[in-house]
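The values are calculated or read from the model by the stated rules, or taken from the named source; none is laboratory data. Not measured: the values here are computed from a predicted model. Heads up, the Cβs are rebuilt from the backbone with ideal geometry, glycines too, and the neighbour counts pull from every protein chain shown. For the accessible areas, the whole protein counts, side chains as well, though only heavy atoms, and no ligand, DNA or RNA atoms are used. Shrake-Rupley method; radii C 1.70, N 1.55, O 1.52, S 1.80 Å.
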Amino acid sequence: MDQYLVFGNPIAQSKSPLIHSMFAQQTGQELQYGRMLAVKEDFIEHLERFFSEPQAQGCNVTAPFKELAAQWVNELSPSAKLAGAINTIKRMRDGQFLGDTTDGPGLVQDMLRLGVTLTNKRILLLGAGGAARGVLSPLLLQQPTLLMVANRSVAKAQLLASLIDNDALQSCEFETLTKITQPFDLIINSTSASLIGELPKVANSVVASAGCVYDMSYADKPTVFMSHASQLGVMNVHDGLGMLVGQAAESFYLWRGIKPQVEPVIQALRTQL
Ligand code: ATR
């Protein structure tokens, strides 16, 4: 049977094995999907041992191995090249390994599922770390009017905005956002602040005037950023559980050539949070 797994550290909490087994059941695909804990020193050894088995067709890679994995594969997709990091490896017919990043397509897919339009919209992306970098080009492909990257350390936002030559892509510091009078249609929080219960220091007026707020994090209750936005009166507020399932669906499609339905899987996961 075809084998897949996810590498990470920590990995015990990963929902990928559950998501992919639901996808496999739903689409009638025969495969096994496991998880493997590694440390940076032995990650490549584990990866090569896994792929030495002919049944091993692909794997997911999560923190902190996304950059190491990108250096190991034979070929990178264009968005993976830009991100310098991958979350998916596929063994190709010729035996070579392709690295791709499905986080961005997963985010876009989730936005569209939620009925949030990106084309001709003004988007504010908070954060300029790995999570932001991975979603830049898929967001720009949707042709927003503006994709403003704002970060606590502005130099990182500037660096990100310099990666792609596109007039819609701009950068600024949090403080400057109040000087932008036209509201944003969508604010995406890609900072890791939610994970530690913190709020990025963005003025209330900027958040309050947004049409929609999306936090890439998720938990069993709304994240601090989501609660903050709701309290400020934003009606359309979402967490990143759909993005998690969306990126998995994109990996599954890359491996199996079949698009699974995400909605029932999101609903099942939501009840287990
Ligand atoms: P990830 O891969 O999750 O993006 P990362 O590359 O470490 O993780 O990036 C974390 C991002 O969250 C950065 O943009 C970071 O801002 P700085 O570059 O200024 O450090 C942002 N971040 C983390 N905690 C934050 C906080 N309390 N307020 C604002 N931004 C925060």
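Using a 1.4 angstrom probe and counting only protein chains, how large is the accessible area of H228 in Å², to 10?
H228 exposes around 40 Å² with every protein chain in place.
Need one word for the range 1-48: rounded, prolate or oblate. Basis is the Cα gyration tensor (sqrt eigenvalues a ≥ b ≥ c); a/c below 1.5 gives rounded, then a/b vs b/c decides.
Numbers: a/c = 4.97, a/b = 1.86, b/c = 2.67.
Oblate shape, in that a/c is at least 1.5 and b/c is the bigger or equal ratio.
Under unit Cβ charges (Lys, Arg +1; Asp, Glu -1), what dipole magnitude, rounded to 20 debye, does the range 1-106 have relative to its Cα centre?
220
Quick check on the range 95-172: take the gyration tensor over C-alpha atoms, sort the square-rooted eigenvalues as a ≥ b ≥ c, and tell me if it's rounded (a/c under 1.5), prolate or oblate.
oblate
According to a simple spin-label model (label point 7 Å from Cα along Cα-to-Cβ), what is the distance in nm between Q26 and E53?
Result for the modelled spin labels: 2.5 nm.
Taking a probe of 1.4 Å, how large is the accessible area per residue of the chain, in Å²? Provide the component values of the computation, followed by the final result.
Working: 12800 Å² over 273 residues.
Per-residue accessible area for the chain comes out at 47 Å².
Under a point-charge model restricted to the Cβ atoms of Lys and Arg (+1) and Asp and Glu (-1), what is the dipole moment magnitude of the range 164-207 relative to its Cα centre, in debye to the nearest 20? Before the final figure, lay out the partial values.
Working: 2 positive and 6 negative charges, 38 e Å.
Charge dipole, the range 164-207, about its Cα centre: 180 debye, nearest 20.
Rounded to whole Å and sorted largest first, list the principal axis extents of the Cα atoms in the range 146-232.
On the principal axes, the range 146-232 reaches 38, 25, 19 Å in Cα extent.
Once Lys and Arg get +1 and Asp and Glu get -1 on their Cβ, which of P200, G240, A157 lies farthest toward the positive end of the dipole of the range 136-256?
Of P200, G240, A157, it is P200.
Arrange the residues Y253, Y33, Y4 by how much accessible surface each exposes, largest first, with a 1.4 angstrom probe.
On the way: Y253 100, Y33 30, Y4 5 Å².
So, going from the largest accessible area down, we get Y253, Y33, Y4.
Using only the Cα atoms of the range 122-273, build the gyration tensor, take square roots of its eigenvalues as a ≥ b ≥ c, and label the shape rounded, prolate or oblate: rounded if a/c is under 1.5, else prolate if a/b is larger than b/c, else oblate. Numbers along the way, then the final one.
Working: a/c = 1.92, a/b = 1.28, b/c = 1.51.
Because a/c hits 1.5 or more and a/b fails to exceed b/c, the range 122-273 counts as oblate.
Quick one: order S217, S230 from most to least accessible surface, probe 1.4 Å.
Numbers: S217 15, S230 65 Å².
Result, largest first: S230, S217.
Report for the chain the percent antiparallel among DSSP-assigned beta bridges with both residues inside it, nearest 5.
In the chain, DSSP labels about 15 percent of beta bridges as antiparallel.
Amide H neighbours of H238 under 5 Å, counting only residues 5+ apart in sequence or on other chains, H built in-plane at 1.01 Å?
For H238, the qualifying residues are V213, Y214, D215.
Keeping all protein chains in the complex and leaving out DNA, RNA and ligands, what accessible area do you get for V39 with a 1.4 Å probe, in Å² to the nearest 10?
70
Taking only C-alpha pairs under 8 Å that are 6+ residues apart, what is the relative contact order of the chain in percent?
Values: 535 pairs, mean separation 42.7, N = 273.
Taking the mean separation of contacting Cα pairs over the length of the chain, I get 16 percent.
Step through the table entries K90/K121; K66/K90; K90/K221; K90/K259; K15/K221, compare each Cα-Cα distance with 23 Å, and write down the pairs that go over it.
Values: K90/K121 34 Å; K66/K90 14 Å; K90/K221 34 Å; K90/K259 16 Å; K15/K221 17 Å.
As for pairs spanning more than 23 Å Cα to Cα, those are K90/K121; K90/K221.
Report the charge-dipole magnitude of the chain in Debye, nearest 20, computed about the Cα centre from +1 at each Lys and Arg Cβ and -1 at each Asp and Glu Cβ.
Working: 21 positive and 24 negative charges, 74 e Å.
With only Lys, Arg, Asp and Glu charged at Cβ, the dipole is about 360 debye.
Please build a GNM for the chain, connecting alpha carbons under 10 Å apart, and tell me which residue among T191, T101, T176 fluctuates the most.
Looking only at T191, T101, T176, the biggest GNM fluctuation is shown by T176.
Using the alpha-carbon centroid of each, what span in Å lies between the range 44-58 and the range 135-182?
If we compute the Cα centre of each part, the gap is 38 Å.
Leaving ligands, DNA and RNA out of it, work out the accessible area of D185 with a 1.4 Å probe and give it in Å² to the nearest 10.
About 60 Å², ignoring ligands and nucleic acids.
What net charge is computed for the residues neighbouring G104, neighbours being all others with C-beta under 12 Å from the C-beta of G104, Lys and Arg scored +1, Asp and Glu -1?
Working: positive: R133; negative: D100, D103, D110, E250.
Once positives and negatives cancel, what remains is -3.
Could you grab the relative contact order for the range 104-239? Cα pairs under 8 Å, six or more apart, rounded to a whole percent. Don't jump to the answer; show the numbers that get you there.
Details: 255 pairs, mean separation 28.7, N = 136.
Answer for the range 104-239 is 21 percent.
How large, in percent, is the carbon and sulfur part of the accessible surface of the range 214-270 at a probe radius of 1.4 Å?
Details: 1280 of 2440 Å².
With neighbouring chains kept in place, the figure for the range 214-270 is 52 percent.
If I take every Cα pair under 8 Å that is 6 or more residues apart in the range 73-156, average their sequence separation and divide by the length, what percent do I get for the relative contact order?
Values: 127 pairs, mean separation 23.7, N = 84.
It rounds to 28 percent for the range 73-156.
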